[in-house]
Amino acid sequence: MKRIIVLVLLSLTFRFAFACDLCGCNSGNYFIGPLPQFTTHFASLRYSFQRYSTTLRTDNSQFSNDRYQTAQLMLGTRIKNKWQLLAFIPYTKSKLASDDGTKENHGLGDITLNGNYNILDKLALNKDTNSVDQQLWIGAGIKLPTGKFQVDQNEIISSTNSQPGSGSLDFLLNALYTLQLSSWGLNVNVNYKINQTADHFKFGNLFSPTAFLFRNFHIGLLTISPNIGLLYEMFGSNWFNSEKVADTGGHSLFSGAGLELQYKRLAIGCNFQAPLTSDLSSGQTHAKARGMCHVSLLF
């Protein structure tokens, strides 16, 4: 039986209140979309985008419209059905359009390494002879400071927002539970990202639980898997020179929908997310719709 595992880890950061571009998504953070079902190895190319708009509440003439794009190579391998090792190699591009003008940047982002261990893998039959499959993975990882990052003391906000990396060695914790009854399935994922300080600047930590419902349809060797779900994000305040930055941090709730196709060793898919509610940068920043597409090879 084939299954789709949906993982969403989005990391957002929020900045100083005296500048117009309070919010953005620092490119050193990363986004994990749906993982293809694989037994040994896989390689995936994926593209994702995120958009934000900010208007300073004390001065409506100060604004920022930010767009972040990432092209990412993702590699995965399994060891004896117990271990899952993942690597993410991103190339990022940012565009910040504000009342001060437009700034663009691009380059290699922060490489992330993640390892997961399977502590539950149970298959049973219910009273209607349908199969019930449960899996629980727990894991941890690190984000390496491979992307360029340097804080400009004259333009702290835009310089931290627009660079390819975050400059720090960060740590990741995650747990993934999947329940599948016949062709229906539920995925629950909990992630926590612990950020460190670089160049006197520290992005707020991120807590991100998600829940997705999916259904598998089989047409010969083709598996079609639509999915819908909810994504919640709660992030801490940023710090600069050991002082908490005002009007940073917040939370948001997104709805998500996607479609995965898998034929033999080839998997393709897209995922789209729309904001439902949010309280970011004391209400000054608004997250826009965002999404991801991928093509993956299983071998």
Scan the stretch 171-203 residue by residue and report those that are touching a residue at least 40 places away in the same chain (Cβ under 8 Å), of a type in the set (A, V, I, L, M, F, W, C) and part of a strand (DSSP E or B).
172, 176, 179, 181, 198, 201
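Okay, residues lined up against (1) charged (D, E, K, R); (2) free of Cβ contacts under 8 Å to residues at least 24 places away in the same chain:
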site: 79; (1), (2): no, yes
site: 84; (1), (2): no, no
site: 89; (1), (2): no, yes
site: 93; (1), (2): yes, no
site: 100; (1), (2): yes, no
site: 108; (1), (2): no, no
Residues of the stretch 214-251 being among the polar types (S, T, N, Q) and either within 19 Å of residue 275 (Cβ to Cβ) or part of a strand (DSSP E or B) (or both), which ones?
223, 225, 227, 248
Residues of the stretch 258-287 being surrounded by 15 or more Cβ atoms within 10 Å (Cβ to Cβ) and not in a strand (DSSP E or B), which ones?
281, 282, 284
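When you check residue 93 against the structure, is it within 30 Å of residue 56 (Cα to Cα), basic (Lys, Arg) and in a strand (DSSP E or B), yes or no?
Taking the combined requirement at face value, the residue satisfies it.
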Residues in the stretch 235-285 that are of a type in the set (Val, Ile, Thr) and over 22 Å from residue 153 (Cα atoms): how many?
3
Test: residue 136 is over 17 Å from the mean Cα position of the chain (by Cα), without any contact (Cβ under 8 Å) to a residue 12 or more places away in the chain and at negative phi
no
Tally, over the stretch 106-142, of residues that are in contact with a Lys or Arg (Cβ under 8 Å, 6 or more places away or on another chain), in a strand (DSSP E or B) and charged (D, E, K, R):
1
Could you figure out which of (1) farther than 30 Å from residue 151 by Cβ; (2) within 19 Å of the chain's Cα centre (by Cα); (3) buried (at least 21 other Cβ atoms within 10 Å of the Cβ) isn't true of residue 233?
(1)
Answer with yes or no whether residue 255 is modelled with pLDDT under 95 and either assigned to a loop (DSSP other than H, G, I, E, B) or surrounded by fewer than 22 Cβ atoms within 10 Å (Cβ to Cβ) (or both).
no
Mind listing whichever residues of the stretch 165-185 are out of contact with any Gly (no Cβ under 9 Å at 6 or more places or on another chain), at pLDDT 90 or above and over 27 Å from residue 150 (Cα atoms)?
177, 180, 181, 183, 184, 185
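The values are calculated or read from the model by the stated rules, or taken from the named source; none is laboratory data. Model, not experiment: these values are computed from the prediction. Ideal geometry is used to build each Cβ from the backbone, glycine not excepted, and the neighbour counts take in all protein chains shown.
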